[in-house]
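Asks: Supplied in structure tokens, the structure appears directly below.
The values are calculated or read from the model by the stated rules, or taken from the named source; none is laboratory data. Quick caveat: nothing in here was measured; it's all calculated off a predicted structure. Note: ideal-geometry Cβ built from the backbone for every residue, glycine included; neighbour counts use all protein chains shown.
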Amino acid sequence: MVVTAVATIALGFFTWVLARETKRLSRATAQAHVVATLEPNRWSLMHVDLIVTNTGNAAAHDVAVAFSPEFERDGHKDKGRPLRHVSILKPGQSMSSYVGDYKGFHGKTFEVSTSWKHHPREQKRQSLSYELSMGDYNGYGHLGARSPLIQMAEQLKKLREDWQWVARGSHKIKTDTYSSDDREKERKRYEAMRRSETKPPRKPRKPKGDGGVQE
């Protein structure tokens, strides 16, 4: 009886330890990770977007983003910087906003700080600080559209612009028409070919005999 009781207590203790470690491991692996970057706009390299992304595998709540030195959108102080606070970012979710021309950020270096909560009711905040250098984009460029969607959008835009000129009558559409007269001529030509193919071949003409000279 004593051995059974001790074994039961030991089993219960190890079960409790295993459950606690499993919960801690699950919490450690399911973590949010929020980063903020300044990147060239996907449509134009002459403009810059602020992008806030949750690269972790858990939701981030009450997200705060700070830059030092701080900047304003389009360089206007009255507009303020967007995406200072985000209520929630799902795993893999990104939010972006246009912030200005690239010349206003060229060669600058920023200290970026992001913080968030694992649960909205928690008091403890997770944080991340790092240096962001815009010098990374010196000499940066690309050939053609940066994505197939942008390429499709550009082609549709060009097609719409070309069609507007046609709709206004500024451009004329060149077409090759095939009328009923053309079909009738084609039919007669086809019948003539069939008749020539079915007509029996002509018999070869017999050569005329040479007149002999009588002695």
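Asks: What's the number of the condition residue 108 fails, among (1) touching a helix residue (DSSP H, G or I) at 6+ places or on another chain (Cβ under 7 Å); (2) at pLDDT below 90?
Replies: (2)
Asks: From 103, 117, 108, grab the single residue that is in the same structural domain as residue 53 (by TED's automatic domain parsing) and more than 21 Å from residue 41 (Cα to Cα).
Replies: Answer to the check: 117.
Asks: If you take the residues of the stretch 103-129 that are part of a strand (DSSP E or B) and of a type in the set (D, E, K, R), which of them is farthest from residue 54 (Cα to Cα)?
Replies: Applying the filter and picking the extreme gives 111.
Asks: How many residues are in contact (Cβ under 8 Å) with a residue 24 or more places away in the chain and either of a type in the set (Gly, Ala, Ser) or outside any loop (DSSP other than H, G, I, E, B) (or both) if we restrict to the stretch 65-102?
Replies: 21
Asks: Hey, does the stretch 155-173 have a residue that's part of a loop (DSSP other than H, G, I, E, B), at pLDDT below 70 and surrounded by 10 or more Cβ atoms within 10 Å (Cβ to Cβ)?
Replies: Checked the stretch 155-173: at least one residue is part of a loop (DSSP other than H, G, I, E, B), at pLDDT below 70 and surrounded by 10 or more Cβ atoms within 10 Å (Cβ to Cβ).
Asks: Please tell me if residue 62 is touching a Ser or Thr at 6+ places or on another chain (Cβ under 6 Å), of a type in the set (D, E, K, R) and either surrounded by 15 or more Cβ atoms within 10 Å (Cβ to Cβ) or assigned to a strand (DSSP E or B) (or both).
Replies: no
Asks: Mind checking which residues of the stretch 67-105 are touching a Phe, Trp or Tyr at 6+ places or on another chain (Cβ under 7 Å) and at pLDDT below 90?
Replies: Matches in the stretch 67-105: 81 only.
Asks: In the stretch 29-44, is there at least one residue being more than 30 Å from residue 101 (Cα to Cα) and free of Cβ contacts under 8 Å to residues at least 60 places away in the same chain?
Replies: Within the stretch 29-44, one or more residues are more than 30 Å from residue 101 (Cα to Cα) and free of Cβ contacts under 8 Å to residues at least 60 places away in the same chain.
Asks: For residue 53, all conditions in the list (1) under 20 Å from residue 42 (Cβ atoms); (2) out of contact with any Pro (no Cβ under 9 Å at 6 or more places or on another chain); (3) hydroxyl-bearing (Ser, Thr, Tyr); (4) surrounded by fewer than 16 Cβ atoms within 10 Å (Cβ to Cβ) hold save one; what is the number of the exception?
Replies: Unmet for residue 53, out of (1) under 20 Å from residue 42 (Cβ atoms); (2) out of contact with any Pro (no Cβ under 9 Å at 6 or more places or on another chain); (3) hydroxyl-bearing (Ser, Thr, Tyr); (4) surrounded by fewer than 16 Cβ atoms within 10 Å (Cβ to Cβ): (4).
Asks: A further question follows. Sort out which residues of the stretch 120-134 are exposed (fewer than 11 other Cβ atoms within 10 Å of the Cβ), at pLDDT below 95 and touching a strand residue (DSSP E or B) at 6+ places or on another chain (Cβ under 8 Å), and write them in order of number.
Replies: 120, 124
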